[in-house]
Every structure is written in C-alpha cells, then in structure tokens.
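Asks: Below you will find the structure I want to go over with you.
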Amino acid sequence: SKAIRLALTDLEKKEKYINLLNERLCLHFKSYPDILINKTKYSIPHILNISLDGIKPETFIHAMEEYEIYIGTNTACSSGKISTAVFNLYHDKTRALTTIRISLSYLTTSEEVTEFLRVFDSVYEKLSSLND
C-alpha cells in the first residue's frame with residue numbers, strides 16, 4: 001500500500017511535469033524536416049515515439065549508447081522490427097520501420113533533457129551526414 005500511496009502522491013503535478021518535458025522534446029524535433037513525431041491526442045506523455053528518415057533506428061540507438069543514453073526502437077512486447085502502432089496510425093511502412101522511443105519520468109530532470117538533446121543533435125548530424 002505504501003508503494004501505491006507514493007505513486008499517487010502529487011500525481012497531477014508529476015503528469016504536468018512529464019507533459020512539459022514531452023512538449024519540449026517535440027518542439028525541438030519539429031525543427032528537423034526528416035523527423036516525424038508519432039503522437040496523437042491519446043498518446044501517453046511518458047513515451048515519445050519519433051521516426052528518423054534515412055537513419056536506421058538500431059544504428060542511432062547504439063550511437064546514443066556511446067554517451068550512456070539509452071532509448072528503444074519498439075515496444076518490449078512487439079515481435080519484429082516494425083512498429084505496429086505507428087503503422088496502424090499512419091499506414092506508412094517506412095515511418096513504422098524507423099521509429100525510436102524516448103521514455104520520460106517525473107524523475108527526469110530538465111538538465112538531463114538538455115544533455116539528451118545536445119547528444120541527440122550531435123549524433124543525428126553525424127549519422128545524417130553519412131547519408132549525403
């Protein structure tokens with residue numbers, strides 16, 4: 001019961017904070033013409049799903065791991081490489097094959113988001129230049 005009580009303490013405040021972090025990431029990614037934000041009004045703010053045009057998701061997540069930043073490519077319960085949720089929403093196989101997932105928590109700090117975006121930009125620029 002203590003775990004439930006702790007989880008529910010300040011729940012609205014925690015959700016509002018996570019929403020702000022999610023929106024900050026979305027605003028940043030909107031500046032990239034080759035990044036698609038896979039989000040609807042029903043999406044939970046704890047996980048942001050984006051598609052990277054022209055970069056293999058596995059390559060991107062391994063490059064981020066070099067900086068000790070860990071993101072995923074699909075849901076843990078999914079089988080295969082395609083994001084069925086993204087495919088069902090957009091009916092775009094390429095978009096569904098190039099997704100990465102960024103998880104957020106009320107414990108995620110603003111400084112961590114700033115560092116994530118700094119590393120993201122650097123890795124994205126480096127990997128994008130390989131495709132030119």
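Asks: Just give me the residues in the stretch 42-61 being open to solvent by 70 Å² or more (accessible area, probe 1.4 Å) and under 17 Å from ASP121 (Cβ atoms), in sequence order.
Replies: Listed by number, the list holds a single entry, ASP53.
Asks: Here are some conditions: (1) out of contact with any helix residue (DSSP H, G or I) (no Cβ under 7 Å at 6 or more places or on another chain); (2) not in a helix (DSSP H, G or I). GLU111 meets all but one. Which one does it not meet?
Replies: Result: GLU111 passes all but (2).
Asks: Related question: Looking at ILE37, ILE100, ILE69, which is the one that is surrounded by fewer than 18 Cβ atoms within 10 Å (Cβ to Cβ), modelled with pLDDT of 95 or more and part of a strand (DSSP E or B)?
Replies: Being surrounded by fewer than 18 Cβ atoms within 10 Å (Cβ to Cβ), modelled with pLDDT of 95 or more and part of a strand (DSSP E or B) holds for just one of ILE37, ILE100, ILE69, which is ILE37.
Asks: Look at the stretch 1-50 and say how many of its residues are more than 18 Å from the chain's Cα centre (by Cα) and of a type in the set (Val, Ile, Thr).
Replies: Of the residues in the stretch 1-50, 2 are more than 18 Å from the chain's Cα centre (by Cα) and of a type in the set (Val, Ile, Thr).
Asks: Going through the stretch 5-34 one residue at a time, which ones are surrounded by 15 or more Cβ atoms within 10 Å (Cβ to Cβ) and either among the aliphatic types (A, V, I, L, M) or free of Cβ contacts under 8 Å to residues at least 12 places away in the same chain (or both)?
Replies: Listed by number, the residues that qualify are ILE18, LEU21, LEU25.
Asks: Restricting to the stretch 1-32, what's the tally of residues that are part of a loop (DSSP other than H, G, I, E, B) and modelled with pLDDT of 95 or more?
Replies: Residues that pass the stated criteria total 3.
The values are calculated or read from the model by the stated rules, or taken from the named source; none is laboratory data. Since the model is a prediction, treat every value here as computed from it, not as a measurement. Please note: Cβ atoms are built from the backbone with ideal geometry, for glycine as well, and neighbour counts cover all protein chains shown. Surface accessibility is based on the protein's heavy atoms, side chains included, excluding ligands, DNA and RNA. Shrake-Rupley method; radii C 1.70, N 1.55, O 1.52, S 1.80 Å.
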